[in-house]
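The values are calculated or read from the model by the stated rules, or taken from the named source; none is laboratory data. The shown structure was predicted, so the numbers you read here are calculated from the model rather than taken from an experiment. Here the Cβ positions follow ideal geometry from the backbone for every residue, glycine too, while neighbour counts run over all protein chains shown.
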């Protein structure tokens, strides 16, 4: 920590001499006829490469301008563009405000086609609390936009979305049930609209993309959002909100394995004055699989209403309901002592007679925003999440040397409830020549997860095991020990308590941040801290802790399109469980990171390059010498993850959009606590890929008779893949490569998209080796498959 502060201090001193000069500037506010701020309006200075967008308050700012005459051009979706000329004297910042008039006749064409060409955004969502451009944030934050989701035909969070972010992998697929993303060496936290919605290791239910606007990936700890979590980072799913622009879209997707899916997105006004707005999203799908007896049928309903109480106050109410009806959640696993992928890709161990898994996921969110003054804004939001699941999960009891094994089905009945609340204030004050961007807030949560997963039954007997090598597979749907029946005479909580299925957490935290801007905000020093009180219980073991986590960051603008940054951030997480070795104590994580961000070609595309080191101390880790269902853990020593990440996204040439990334990750044992056996310093930590490279290119013809026609091509490459367990198998995971591509055509109202996935039809998979079974297990990806989507906008 002291060394990092010294580095940052030296960097600050060195930079100050560069920017210690008198600069001119322009700032202002863009509003509409109703005096409401226009967010994401584009402001450009004609005959220059300078441009920016307005923030959520409609404000914009240009710094470090030469004295002279300038012409500002402002445009926004659904409004007539506007220009103003201004003369800027030496050493002053002039104020220029714009009032835009609505242009309803061009709303659909501009609002949809313009929005759909964006692979790059410049501002984070309000739920990240950062009231500044991403270029100025001293942290690596990547945003996957709605246009990328549409081009790649992503239909859920677990449907190939991670290819758009450096270093993100899913070594344990969990089908289309849970997302479970690993990044920077461990599993990252799941957020929705700024709330941490993780109730257990497995959840939450992966979001359907019908109600999702975009997803923000925050690399490393994010003290402005959370201090009690994994130091590797988080993803924040931002749901669709009313825009006040009357429009809609209906789409239908069909594809391989009996995929049929329909969505509806409506956006508009409920009152003539535009104060009462709505958004309504609906989806329904039937989805089969390349494996027999496997399916995942879902639907989602997501209405949102917002009301502009007055010029300064807006209230938004949102409800999301997701329903999943799917096959056994372990249906994608295959076991064999002979190695990975020794059975056909479409092989399954799942019999048709197992009952389906049914999931109901509800959430209600209220969000209140109030403009306290010109530079002060209050945001308060509260949410209630409820989740229920009833089904089974398959595994293996015993695997014989000849490849036959005994299948096991365990009950998985679970309920989860979360009450979440946040209040935070964004402000701005000036003391002399220093500008302070202030953020302060309170976060509270009460989470309870109750699950019965202790009741299990062997489907087969050891005398008549399941034989995966029989041609007709007569034992697949006729298990020798019959199908399970589970005892549900006791209520769920009583069964969960007896089977170590209670996971509770309750926390409250206070957060304060001051970003100090020096030399016309060219140098930005972030000083922040969060104090958290947390109580939790897992495996009937309670644990509590109070902890302070500091955050220090420095971001320097080399020019209007380039910034460099350094960051030192911390996190902690109380841990609970049955410990076989060591003393139970909180996990602590420290991230040190440096990077450079740059906008290219007038801001049409950007790049981010970052290097980092994360230290995890005293992490609760599954005991490698015990069976995975024993629940036994050890208190580890220290793990060190370090790496390099590179991301590129945006329109690199007219009509050519690209997202590309590469990550080098190295995660090893750095220290081993006394008494811990089976681990050595320098040993590779499981659960990541050393090299991850992705790309997705989309080119659209902009003129001529083929205008609107386009082609897409993408690839994913993983090398140095580590298994998901500490067990050392005889065979490692091979390198992974998958290529996708397709064609599309669109105009102002219609878009047709056809993609082929796994073009080379490779047998790709992930898996691990379990020493207690003396067997490998793997999950295969789908063979070459196709999707066709037709969307109509109105």
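Per-residue answers, yes or no, for (1) at pLDDT 95 or above; (2) assigned by TED's automatic domain parsing to the domain that holds residue 217; (3) touching a strand residue (DSSP E or B) at 6+ places or on another chain (Cβ under 6 Å):
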| position | (1), (2), (3) |
| --- | --- |
| 645 | yes, no, yes |
| 663 | yes, no, yes |
| 667 | no, no, yes |
| 683 | no, no, yes |
| 691 | yes, no, yes |
| 714 | yes, no, yes |
| 717 | yes, no, yes |
| 728 | no, no, no |
| 739 | yes, no, yes |
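Could you look through the range 300-338, keep only residues that are without any contact (Cβ under 8 Å) to a residue 40 or more places away in the chain and closer than 30 Å to residue 476 by Cβ, and pick out the one that is surrounded by the most Cβ atoms within 10 Å (Cβ to Cβ)?
My answer is 327.
Return yes when residue 668 is over 29 Å from residue 540 (Cβ atoms), touching a residue at least 24 places away in the same chain (Cβ under 8 Å) and surrounded by 22 or more Cβ atoms within 10 Å (Cβ to Cβ) and no when it is not.
Numbers: over 29 Å from residue 540 (Cβ atoms): yes; touching a residue at least 24 places away in the same chain (Cβ under 8 Å): yes; surrounded by 22 or more Cβ atoms within 10 Å (Cβ to Cβ): no.
Answer is no for this residue.
What about residue 198, is it touching a strand residue (DSSP E or B) at 6+ places or on another chain (Cβ under 9 Å) and farther than 17 Å from residue 160 by Cα?
Numbers: touching a strand residue (DSSP E or B) at 6+ places or on another chain (Cβ under 9 Å): yes; farther than 17 Å from residue 160 by Cα: yes.
Yes: the conditions hold for residue 198.
Step by step: first the residues of the range 461-498, then only those that are in contact with a strand residue (DSSP E or B) (Cβ under 6 Å, 6 or more places away or on another chain) and closer than 30 Å to residue 445 by Cα, then the one that is surrounded by the fewest Cβ atoms within 10 Å (Cβ to Cβ). Which residue is that?
The extreme case among them is 493.
Identify the single condition in (1) within 22 Å of residue 212 (Cβ to Cβ); (2) in a loop (DSSP other than H, G, I, E, B) that residue 293 does not satisfy, given that it satisfies every other one.
(1)
For a quick check of your reading: which strands (runs of 3 or more DSSP E) sit entirely within the range 297-375 and have at least 3 residues that are within 30 Å of residue 129 (Cα to Cα)? If you could, list the steps in order and put the result at the bottom.
Details: elements: 313-326, 334-336, 357-373.
Correct list: 313-326, 357-373.
Any residue in the range 201-215 that is surrounded by 24 or more Cβ atoms within 10 Å (Cβ to Cβ), outside any strand (DSSP E or B) and more than 15 Å from the chain's Cα centre (by Cα)?
Yes: the range 201-215 contains one or more residues that are surrounded by 24 or more Cβ atoms within 10 Å (Cβ to Cβ), outside any strand (DSSP E or B) and more than 15 Å from the chain's Cα centre (by Cα).
Is it the case that some residue within the range 274-282 is assigned to a loop (DSSP other than H, G, I, E, B) and touching a strand residue (DSSP E or B) at 6+ places or on another chain (Cβ under 6 Å)?
For the range 274-282, residues assigned to a loop (DSSP other than H, G, I, E, B) and touching a strand residue (DSSP E or B) at 6+ places or on another chain (Cβ under 6 Å): present.
Within the range 392-408, which residues are within 22 Å of residue 450 (Cβ to Cβ) and at pLDDT 95 or above?
Correct list: empty.
Given the conditions (1) under 30 Å from residue 93 (Cα atoms); (2) modelled with pLDDT of 95 or more; (3) buried (at least 18 other Cβ atoms within 10 Å of the Cβ), report the number of the one that residue 514 does not fulfil.
So the condition that residue 514 fails would be (3).
Condition check ((1) at pLDDT below 90; (2) assigned to a loop (DSSP other than H, G, I, E, B); (3) under 30 Å from residue 306 (Cα atoms)) across all residues:
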{"position": "190", "(1), (2), (3)": "no, no, yes"}
{"position": "217", "(1), (2), (3)": "no, no, yes"}
{"position": "221", "(1), (2), (3)": "yes, yes, no"}
{"position": "243", "(1), (2), (3)": "yes, yes, yes"}
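Pick from the range 741-774 the residues that are assigned to a loop (DSSP other than H, G, I, E, B) and touching a strand residue (DSSP E or B) at 6+ places or on another chain (Cβ under 6 Å): which of them is surrounded by the most Cβ atoms within 10 Å (Cβ to Cβ)?
Narrowing the range 741-774 to residues assigned to a loop (DSSP other than H, G, I, E, B): 747-749, 758-764, 771-774.
If we keep only those that are touching a strand residue (DSSP E or B) at 6+ places or on another chain (Cβ under 6 Å) too, we end up with 749, 758-760, 764, 773.
Working: 749: 14, 758: 16, 759: 16, 760: 11, 764: 21, 773: 19.
Once the filter is applied, the top-ranked residue is 764.
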